[in-house]
1. Checking R36 against (1) over 30 Å from F126 (Cβ atoms); (2) part of a helix (DSSP H, G or I); (3) in contact (Cβ under 8 Å) with a residue 12 or more places away in the chain, which test does it fail?
2. If I109 meets every condition in (1) without any contact (Cβ under 8 Å) to a residue 40 or more places away in the chain; (2) farther than 18 Å from A42 by Cβ apart from one, which number is that one?
3. In the range 86-114, which residues are open to solvent by 90 Å² or more (accessible area, probe 1.4 Å) and under 24 Å from S134 (Cα atoms)?
4. Give the range 58-74 a look and list any residue that's under 18 Å from L39 (Cα atoms) and either acidic (D, E) or open to solvent by 30 Å² or more (accessible area, probe 1.4 Å) (or both), or say none.
5. Whether any residue in the range 11-26 is more than 19 Å from the chain's Cα centre (by Cα) and at pLDDT 95 or above is what I want to check.
6. Could you tell me how many of the residues in the range 116-146 are within 26 Å of M187 (Cβ to Cβ) and buried (at least 18 other Cβ atoms within 10 Å of the Cβ)?
7. Looking only at the range 150-206, how many residues end up being aliphatic (A, V, I, L, M), in a loop (DSSP other than H, G, I, E, B) and under 19 Å from F56 (Cα atoms)?
8. Look through the range 172-206, keep the residues that are surrounded by 12 or more Cβ atoms within 10 Å (Cβ to Cβ) and among the acidic types (D, E), and return whichever of them is nearest to A26 (Cα to Cα).
Amino acid sequence: MLANENSLVNETLQTIHKRHSVRTFAEQDVSDEQIRILLQAANEAPSAHNQQPWRFVILRNRKKQELAQLVTSKAGDFPKPASALLRMAARSIMSAPVVIAVANTGELIERGAQLFKIEKEMARDFFRTMEIQSSAASVQNLLLAATSLGLATVWLGILFLLKDEVLQFLGEPKGEFMAVVPVGYSMKSSSGPQKEPVEMKVKRLG
């Protein structure tokens, strides 16, 4: 159930409530126009100093299969729990008609010391965090936009274990952030996990 009656008539809150991860996709394709809409939404995310420190990489067909093969080939290098999740991620990549990867450009980190006249190492850590925050917001916009179009997604966080290998595969420089998001239509109707009451996550001061 949504939080209150006002939420029932608010499309944005409905979309937030409906979004959940889907790991198995139907064979139905995702159009170029749908992808353009998702990327436009992702590009509208807030970013530090409006630098938009992200790049989107679209994978279909052979390149998508090669990414899945890369993940599978590396899975055995990790302990069993992580290995199992990596293999599951590879299956999601294969199942989806399209995969959207998001990577930092690193431009904000490079310019940080010039924008703020502070010590170089401090500036790098400061702007590194800003790049991560900005790109994460971009991915969330993408996930919500997909839900609003009736599409299913999953953010494959386990692939961060292979961040450098995946970035190299994508032709992107080593960076601080990388997200891989399979996109498609859900194989079957499903709902997300039950969330803990928000009251359990709130701390009030003053």
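1. (3)
2. Failing condition for I109: (1).
3. Answer for the range 86-114, where residues must be open to solvent by 90 Å² or more (accessible area, probe 1.4 Å) and under 24 Å from S134 (Cα atoms): E110, R111, Q114.
4. Those that are under 18 Å from L39 (Cα atoms) and either acidic (D, E) or open to solvent by 30 Å² or more (accessible area, probe 1.4 Å) (or both): I58, R60.
5. Yes, there is a match, as at least one residue in the range 11-26 is more than 19 Å from the chain's Cα centre (by Cα) and at pLDDT 95 or above.
6. Looking only at that region, the number is 7.
7. Residues meeting the conditions: 3.
8. Restricting to residues being surrounded by 12 or more Cβ atoms within 10 Å (Cβ to Cβ) and among the acidic types (D, E), the top hit is E172.
The values are calculated or read from the model by the stated rules, or taken from the named source; none is laboratory data. In this text, all values refer to a predicted model and were calculated from it rather than measured experimentally. Here the Cβ is made from the backbone with ideal geometry for all residues, glycine too, and neighbour counts use every protein chain on show. Surface accessibility is based on the protein's heavy atoms, side chains included, excluding ligands, DNA and RNA. Shrake-Rupley method; radii C 1.70, N 1.55, O 1.52, S 1.80 Å.
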